[in-house]
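The values are calculated or read from the model by the stated rules, or taken from the named source; none is laboratory data. The shown structure was predicted, so the numbers you read here are calculated from the model rather than taken from an experiment. We place every Cβ from the backbone using ideal geometry, glycine too, and count neighbours over all the protein chains shown. Note: accessible area is taken over every heavy atom of the protein model, side chains too, but ligands, DNA and RNA are not part of it. Shrake-Rupley method; radii C 1.70, N 1.55, O 1.52, S 1.80 Å.
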Amino acid sequence: MRSLTLLGRIGAVLIAGWTVLAAVAAPAAAQAPNALRACTPGDYPPYSIRDDAGEHRGVDVDLARGFAALLGRPIEFVPVTWATLKTDFAERNCDLAVGGISDLPSRRAFADFSITYGTDGKAPITHRANGAAYSTVAEINRPGVRVIANRGGTNEDFARKNFPAAQLTLWPDNLTIFGEIEQGRADVFVTDSVEGRYRVRQHPDLQVLHPEAPFDSFGKVLLVRKDDPVLAALLDAYLTTQLATGAVDRLFDQWIGPNAPVG
């Protein structure tokens, strides 16, 4: 009973805070009912993926859509790449950036961060035929081991820092990279464990090793433009509500939970 009372109080505070912030933002929204622009690479499920029809889906996509709906604004997803996220965020006039973005100090130079809505960490993906051969950093960081990483993001940074003795190939996207491992042209790809758990459902010949105990741990955030403290405050209030109600956990369950679809 005490926990229910506490949850009710938290909910009341969040609702009150949202009401005040929305009242502050309402005049600006009424004058300029423009679309909420969300930059996303669209290649990092379950956070964000752009399908063959050009539609965006994923945990971050649903969060961004829900946020835009509460603001009473349409949403527009703006394609970017991980390598150009820093420049594209400003040049393409994005309000947010979504898609599995890690909390990195370098990104604070060009955007503000939302509160952390989840945690993740790097885990290796390899062919099932390899067994547990690439379970540790030391096993991967050896001459002759063919490491592959998508260019421009934290996966490349992690590979360069931890596998200097291995043979590193940089791949231009995060969509076709798994085929390189399936076809035997690469041995291992180290990526976010949540993505690994999703990807092996679509690639049954691959396995993600120890996703429950990744090599490291970091927060996942949404980026928000620096010149809009009201938008940032509204985003934090919205995400806090989504966390408190379990909505974020339900979104992840839809993608990687025990009953998540394979295709």
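Per-residue answers, yes or no, for (1) open to solvent by less than 30 Å² (accessible area, probe 1.4 Å); (2) within 13 Å of the chain's Cα centre (by Cα); (3) closer than 30 Å to Leu234 by Cβ:
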| site | (1), (2), (3) |
| --- | --- |
| Asp95 | yes, no, yes |
| Gly100 | yes, yes, yes |
| Asp112 | no, no, yes |
| Ile115 | no, no, yes |
| Asp120 | yes, yes, yes |
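Scan region 215-231 for residues that are surrounded by 19 or more Cβ atoms within 10 Å (Cβ to Cβ) and part of a helix (DSSP H, G or I) and the total you get is 1.
Glu212 passes every criterion in (1) part of a loop (DSSP other than H, G, I, E, B); (2) under 17 Å from the mean Cα position of the chain (by Cα) apart from (2). For the structure I just gave you, tell me whether Val208 is buried (at least 16 other Cβ atoms within 10 Å of the Cβ) and touching a Phe, Trp or Tyr at 6+ places or on another chain (Cβ under 8 Å). For Val208, the condition - buried (at least 16 other Cβ atoms within 10 Å of the Cβ) and touching a Phe, Trp or Tyr at 6+ places or on another chain (Cβ under 8 Å) - is not met. If you filter region 89-106 down to residues that are touching a residue at least 40 places away in the same chain (Cβ under 8 Å) and of a type in the set (D, E, K, R), you find that the one that is nearest to Thr119 (Cα to Cα) is Asp103.
Given the criteria part of a loop (DSSP other than H, G, I, E, B), closer than 20 Å to Phe218 by Cβ and open to solvent by less than 60 Å² (accessible area, probe 1.4 Å), does Gly152 qualify?
When the stated conditions are applied, Gly152 passes them.
The residues listed here are Asn162, Asn130; of these, the one that is of a type outside the set (Gly, Ala, Ser), touching a Lys or Arg at 6+ places or on another chain (Cβ under 9 Å), crowded, with 16+ Cβ neighbours inside 10 Å and over 21 Å from Ser48 (Cα atoms) is Asn162.
Do we have any residue at all in region 55-64 that's in contact (Cβ under 8 Å) with a residue 40 or more places away in the chain, out of contact with any Cys (no Cβ under 6 Å at 6 or more places or on another chain), closer than 22 Å to Ser193 by Cβ and open to solvent by 10 Å² or more (accessible area, probe 1.4 Å)?
yes
No other residue among Phe178, Phe189 is crowded, with 21+ Cβ neighbours inside 10 Å and in a helix (DSSP H, G or I) apart from Phe178.
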